[in-house]
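The values are calculated or read from the model by the stated rules, or taken from the named source; none is laboratory data. None of these values were measured; they are calculated from a predicted model. Note: ideal-geometry Cβ built from the backbone for every residue, glycine included; neighbour counts use all protein chains shown.
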Amino acid sequence: MCWAVPAKVVKIDGPIAQVDFGGGAYKTVVLAADGIQVGDIVLVHAGAVIGRIRREEFIESLNFYREMMIELATEGGAGREEVEKELEKQFSTWMKWLKDG
Amino acid sequence: MSNSMSINLIERIFRRNTPLAASIKNIICKYAQHIYESTGRPIKIMNFCGTHEWTTVYYGLRTLMPPMVELVAGPGCPVCITPSYYVNRAIELALDGITVYTFGDAYKLPTARPIRGVKSLAEAKALGGKVEIVYGFLDAIRKGLSKDAVFFGIGFETTAPSYAVPLNKNAVPSRLKFLSVLRLTPPAAEYAIDEAINRGLNPVQGIIAPGHVSTVIGAKPWNNLAEKYGIPAVISGFEPIDLLLSIAMILKMLKNGEKKVRIEYTRAVTWEGNKAALKAVNEVFEVRDAAWRGLGFIPMSGWFLREKYAKYDAFTEYGLDPLTPEKWKYDLPPLCRCAEIVLGVAKPTDCQMFMKRCTPSSPWGPCMVSIEGTCAVWARFGGGGLTEDIAKEVGVT
Ligand code: SF4
C-alpha cells in the first residue's frame with residue numbers, strides 16, 4: 001500500500017493514461033499529476049500516476065550518489081579506484097535504461 | 001521465500017555493492033560510535049513505511065547496524081491501522097447485498113470480534129456476501145455502473161489521489177459510494193514519537209520518512225516534524241543502498257547537531273510534492289480527527305469526504321454511524337500486540353501468537369495481513385542468522 005511502481009506512459013486521453021510496466025504489461029490508470037507526457041517515466045500506485053521520475057533529476061541523483069558514495073567510501077577506508085569501478089558498473093545499467101527511453 | 005533464493009538475493013545485492021555497502025556500514029559505525037560516546041544511549045531510528053521495513057528485513061539491514069543503532073518500524077501500513085469498526089460496516093453492507101470493492105489486503109483483514117458470524121470480508125463473501133477485489137478505484141468505477149456498490153477506501157497519502165481525481169472530475173457513477181478510511185502519516189509519526197517519550201522509553205532520534213507518501217505530500221510536512229521534535233529526517237528510496245545511505249545521513253546530521261529534513265529519494269520527491277494531486281485531494285476531502293486501529297483517535301489524521309461530495313459518502317447514503325472517540329473501543333483481537341508493533345515499542349517476536357496461532361496464511365491480527373505489515377514481513381523473511389552469515393562471508397559485517 002506504500003509501494004509505487006515505475007512505468008512508461010504510452011498514451012494519454014484526458015485524465016486517463018495507458019502505462020507500460022515493461023514487457024508489454026499495460027494498464028489503464030488515472031493521471032493524478034500535472035505535466036505528464038507520453039514517454040515519461042512515472043510512478044504508479046493503486047491505478048493512479050502519482051508522480052514523474054524526472055530523467056534529468058534521476059541522472060543528477062545518480063551523480064549525487066556517485067559523489068556521496070565516493071566520499072563515504074574513501075572516508076570509510078575503501079580504495080577509491082575499486083569504488084569508482086563498482087559504481088560505474090552499477091550506474092551504467094541505470095544510464096542505459098534511461099537513455100533507452 | 002526458500003533459503004537458497006534468499007541467499008542468492010542477498011549475495012547479489014552485497015556482492016555487487018560490496019565496497020559501497022561496506023563503506024556506508026563503516027560510516028554508520030563511526031558516526032554511531034561518536035554519537036553514543038557523547039549521549040550514552042542507543043540511537044533509535046524509526047521508519048514510517050511498510051516498504052522500508054520490508055527492505056530492512058529482506059536484505060538483513062539490521063544485522064549490518066552496530067549494536068547502538070536500533071531500527072524500529074512505525075505505523076506505516078494502512079491495512080494494519082484500519083479500525084475494525086469500518087471493516088465491520090463494510091461486512092454488513094456486503095451481507096446486505098451491496099457490492100463492496102476493495103484491495104486484496106483489506107479483503108483478508110480480520111476484525112476484532114465477529115459480526116453476524118464473520119470476521120473479514122473474505123468470510124462475508126464465503127457466506128454469500130458481495131465482495132470484489134480490484135486493483136484500484138478506477139476498476140471499481142468501470143464495473144460499478146449498474147449496481148449499488150461501495151468502495152472500501154483505505155490508504156495513506158499515496159493512495160488518496162487515485163480516489164480524489166475521479167471524484168473531483170465527476171467521473172464516478174452515482175451508484176458507487178465511497179467509504180473513506182484514508183489516513184495521514186505525519187500525525188501518526190508524531191503520535192509514535194510522543195508515545196515513546198510518554199512511556200519513558202528511549203526517544204526516537206531520527207526518522208526515515210516514506211518515499212512514495214512524500215512523492216505526493218512533498219518534504220515540507222516532515223520538516224515541520226523535524227523542527228517540532230528537534231530531530232533529523234531523511235526521505236528515503238527503497239533500495240537497500242538507499243536505506244543505508246539514509247541511515248548514514250541521519251547519523252551524520254545527529255553527529256553535527258543538524259535538525260533538518262533531507263531528501264535522499266530525489267529522483268521522485270520534491271519539496272512541494274505533487275501539487276495537482278494535493279489540490280484534488282484537498283478539494284474532495286477534509287482533514288479531521290480519526291481513529292487508528294489499536295491506538296484510538298489521533299488529532300487531524302484522517303481524510304473524510306467534504307459536504308459537497310455527500311452523495312458519494314457511504315456513511316450518509318447508508319445511514320452508518322460515524323465512529324467517535326466516545327464510541328471507539330480497543331479493537332485488536334485478544335493477545336495481538338499490533339498496537340505496540342506499529343508504535344515501534346514491541347517486535348513481532350515479542351507476541352506469543354507470532355507464527356503459532358498467527359501466520360500469513362491464517363492471520364490473527366492486522367499486522368500479519370499485508371505484505372507491508374511488520375509481522376507479515378518478519379514471518380516471511382525472518383532475519384538474523386542467515387543474513388548475518390552471508391553478510392560476514394561477503395565482507396560487510
Ligand atoms: S503476530 Fe499476529 S497476533 Fe501477534 S502482533 Fe502480529 S498480527 Fe498481532
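Tabulated data
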{"read-out": "All positions within the stretch B:318-338 that are surrounded by fewer than 24 Cβ atoms within 10 Å (Cβ to Cβ) and within 12 Å of the ligand (Cβ to nearest atom)", "value": "B:LEU332, B:PRO333, B:PRO334, B:LEU335, B:ARG337"}
{"read-out": "Those residues of the stretch B:63-83 which are surrounded by fewer than 24 Cβ atoms within 10 Å (Cβ to Cβ) and of a type in the set (S, T, N, Q), in sequence order", "value": "B:THR63"}
{"read-out": "Positions within the stretch B:61-79 being closer than 20 Å to B:ALA290 by Cβ and out of contact with any strand residue (DSSP E or B) (no Cβ under 9 Å at 6 or more places or on another chain), in sequence order", "value": "B:CYS77"}
{"read-out": "Scan of the stretch B:269-283 for residues that are farther than 16 Å from B:ILE154 by Cβ and hydrophobic (A, V, I, L, M, F, W, C), ordered by number", "value": "B:VAL269, B:TRP271, B:ALA276, B:ALA277, B:LEU278, B:ALA280"}
{"read-out": "Residue in the stretch A:19-26 that is modelled with pLDDT of 90 or more, facing chain B (nearest Cβ under 10 Å) and touching a strand residue (DSSP E or B) at 6+ places or on another chain (Cβ under 9 Å) present", "value": "no"}
{"read-out": "Filter result (surrounded by fewer than 15 Cβ atoms within 10 Å (Cβ to Cβ) and farther than 19 Å from B:LYS169 by Cβ) within the stretch A:7-53", "value": "A:VAL10, A:ASP20, A:PHE21, A:GLY22, A:GLY23, A:GLY24, A:ALA25, A:TYR26, A:GLN37, A:VAL38, A:GLY39"}
{"read-out": "Selection count, the stretch B:297-317, where residues are under 19 Å from the mean Cα position of the chain (by Cα), buried (at least 20 other Cβ atoms within 10 Å of the Cβ) and of a type outside the set (A, V, I, L, M)", "value": "3"}
{"read-out": "Criterion: in contact (Cβ under 8 Å) with a residue 40 or more places away in the chain, crowded, with 21+ Cβ neighbours inside 10 Å, touching an Asp or Glu at 6+ places or on another chain (Cβ under 6 Å) and at negative phi - qualifying residue of B:ALA21, B:ALA32, B:ALA112", "value": "B:ALA112"}
{"read-out": "Residue list for the stretch B:341-382, filter: charged (D, E, K, R), within 11 Å of the ligand (Cβ to nearest atom) and either in a helix (DSSP H, G or I) or crowded, with 24+ Cβ neighbours inside 10 Å (or both)", "value": "B:ASP350"}
{"read-out": "The listed residue being within 11 Å of chain A (Cβ to nearest Cβ), crowded, with 17+ Cβ neighbours inside 10 Å and in a helix (DSSP H, G or I), out of B:ILE154, B:ILE141", "value": "B:ILE141"}
{"read-out": "Filter result for B:GLY60 (surrounded by fewer than 24 Cβ atoms within 10 Å (Cβ to Cβ), small (Gly, Ala, Ser) and at positive phi)", "value": "no"}
{"read-out": "Cβ pairs under 8 Å, 6+ apart, first in the stretch B:259-275 and more than 21 Å from A:VAL5 (Cα to Cα), second polar (S, T, N, Q)", "value": "B:LYS260/B:ASN223; B:VAL261/B:ASN223"}
{"read-out": "Residue match in the stretch B:85-106 (condition: crowded, with 21+ Cβ neighbours inside 10 Å, under 18 Å from the mean Cα position of the chain (by Cα), more than 14 Å from chain A (Cβ to nearest Cβ) and in a helix (DSSP H, G or I))", "value": "yes"}
{"read-out": "Residue in the stretch B:282-303 that is free of Cβ contacts under 8 Å to residues at least 24 places away in the same chain and part of a loop (DSSP other than H, G, I, E, B) present", "value": "no"}
{"read-out": "Of residues in the stretch B:157-191 being hydroxyl-bearing (Ser, Thr, Tyr) and not in a loop (DSSP other than H, G, I, E, B), the one nearest to B:VAL345 (Cα to Cα)", "value": "B:TYR191"}
{"read-out": "Some residue of the stretch B:384-392 being in a loop (DSSP other than H, G, I, E, B), more than 7 Å from the ligand (Cβ to nearest atom) and either at pLDDT below 90 or away from every other protein chain (no Cβ under 14 Å) (or both)", "value": "yes"}
